[in-house]
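Below is one structure, written out as structure tokens; the observations come after it.
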Amino acid sequence: MLIDVHSHYFRYPEHFSEDFKEQSKRSRNGVETDLTVHWENYEATAADCSKTIVFGGKAKLSGLWVPDREVSAYVSQHPDKLIGFMSLDPTQKGWQDEMEEGRADLKLKGIKLMPMYGGYRPDSPELDHLWRYASEYRLPVLLHTGTTFIDKAPLECTLPRLLDNVAIRFPDVKMILAHLGHPYEGECIATIRKHRNVYADCSALHYRPFQLYQSLMLLQEYGVWNKLLFGTDFPFTTVQASVDGMRKLNDMLQGTSLPRLSMERMEEMFYRNTLELLEIES
């Protein structure tokens, strides 16, 4: 069962500020890209994918805002394939009400946070209500960790080590640290190894193959393949491109004495029952 834990629902340009759109060109070699999500485009490259977790994103500081009702409507069109998460920006008034609405009314099954994009620390005491709520209602929380192209987003808010503080105080919350925390993979791996309910995903990494090889080798040497989940970051990349890219990582080592990644453990990662791990009923 292949599960994509990291995909987005966007409409371009409605969900983005002019500044966000302009800065996003840095991630696409200076080219403006239509990030509008269409189910048929996702499905065409996700033949082996059984279920997909989808969310929008809320970060007023950086200029991204996708209403949860739109995500819920998208999920309702494909209920056999999609699982919706709400997004929250705790710097904005009314986020507690949005959290209650997302769970109780929209039936969304997890939370997406973008601390760096929103300009807040996930371990701030001001977020304790969120973490208590997630613990009480067994809502997994996926957080952006790692780099970005947005100059307003403070790097100090994205460090994986910040989630160590949260996991110590709220050990029952299932957390997913997105993008293996790159370029802070070491911090990310140290954090997921330490806490039983903290995981990472491998989304949006395959197009930096040597960096990903090094990251996964570190993961392998620490013995935590079991804490890595598959994700894409669609529409930035696809299920097929992600799987193919990861399966080819050892190819660039031909003629060298560099250690190989375990393809057996990688395949286990692709096909493990992630929804069971996260206690999500589909």
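The values are calculated or read from the model by the stated rules, or taken from the named source; none is laboratory data. Predicted model only: the values in this text are computed from it and were never measured. Using ideal geometry, Cβ is built from the backbone for each residue, glycine included, and neighbour counts are taken over all protein chains shown.
Of the numbered criteria (1) of a type outside the set (Gly, Ala, Ser); (2) in contact with an Asp or Glu (Cβ under 9 Å, 6 or more places away or on another chain); (3) over 23 Å from residue 279 (Cβ atoms), the one residue 164 fails is (3). Among all residues of region 213-230, there is none that is basic (Lys, Arg) and either in contact (Cβ under 8 Å) with a residue 60 or more places away in the chain or surrounded by fewer than 16 Cβ atoms within 10 Å (Cβ to Cβ) (or both). Taken together, the residues in region 137-147 that are farther than 20 Å from residue 83 by Cβ and out of contact with any helix residue (DSSP H, G or I) (no Cβ under 6 Å at 6 or more places or on another chain) amount to 1. From the list 20, 55, which one is of a type in the set (A, V, I, L, M, F, W, C), closer than 29 Å to residue 272 by Cα and surrounded by 14 or more Cβ atoms within 10 Å (Cβ to Cβ)? Answer to the selection: 55. Within region 140-173, the residues that satisfy the criterion of being in contact with a His (Cβ under 8 Å, 6 or more places away or on another chain) and either part of a loop (DSSP other than H, G, I, E, B) or within 10 Å of residue 117 (Cα to Cα) (or both) are 144, 145, 146, 147, 158, 171. Every condition in (1) in contact with a Pro (Cβ under 7 Å, 6 or more places away or on another chain); (2) modelled with pLDDT under 95 is met by residue 126 except one, and the failing one is (2). Within region 174-186, can one find any residue that is modelled with pLDDT under 95, surrounded by fewer than 17 Cβ atoms within 10 Å (Cβ to Cβ) and either more than 14 Å from the chain's Cα centre (by Cα) or not in a loop (DSSP other than H, G, I, E, B) (or both)? No. Here is the figure for region 90-119: residues that are surrounded by fewer than 23 Cβ atoms within 10 Å (Cβ to Cβ), part of a loop (DSSP other than H, G, I, E, B), at negative phi and not β-branched (Val, Ile, Thr) total 4. Being touching a residue at least 40 places away in the same chain (Cβ under 8 Å), under 24 Å from residue 45 (Cβ atoms) and in contact with a strand residue (DSSP E or B) (Cβ under 8 Å, 6 or more places away or on another chain) holds for only one residue in 269, 246, and it is 269. All told, residue 238 meets the bar of being under 16 Å from the mean Cα position of the chain (by Cα), crowded, with 17+ Cβ neighbours inside 10 Å, farther than 26 Å from residue 279 by Cβ and in contact (Cβ under 8 Å) with a residue 12 or more places away in the chain.
For region 241-282, the tally of residues that are assigned to a loop (DSSP other than H, G, I, E, B), crowded, with 17+ Cβ neighbours inside 10 Å and modelled with pLDDT of 95 or more stands at 2.
Only one of the numbered conditions (1) exposed (fewer than 15 other Cβ atoms within 10 Å of the Cβ); (2) on the phi > 0 side of the Ramachandran plot is violated by residue 63, and that is (1).
Here residue 124 meets the list (1) over 18 Å from the mean Cα position of the chain (by Cα); (2) buried (at least 18 other Cβ atoms within 10 Å of the Cβ); (3) of a type in the set (Gly, Ala, Ser) almost entirely, failing just condition (2). Checking every residue in region 208-224 against the condition of being among the small types (Gly, Ala, Ser), over 15 Å from the mean Cα position of the chain (by Cα), at positive phi and assigned to a loop (DSSP other than H, G, I, E, B) gives at least one match.
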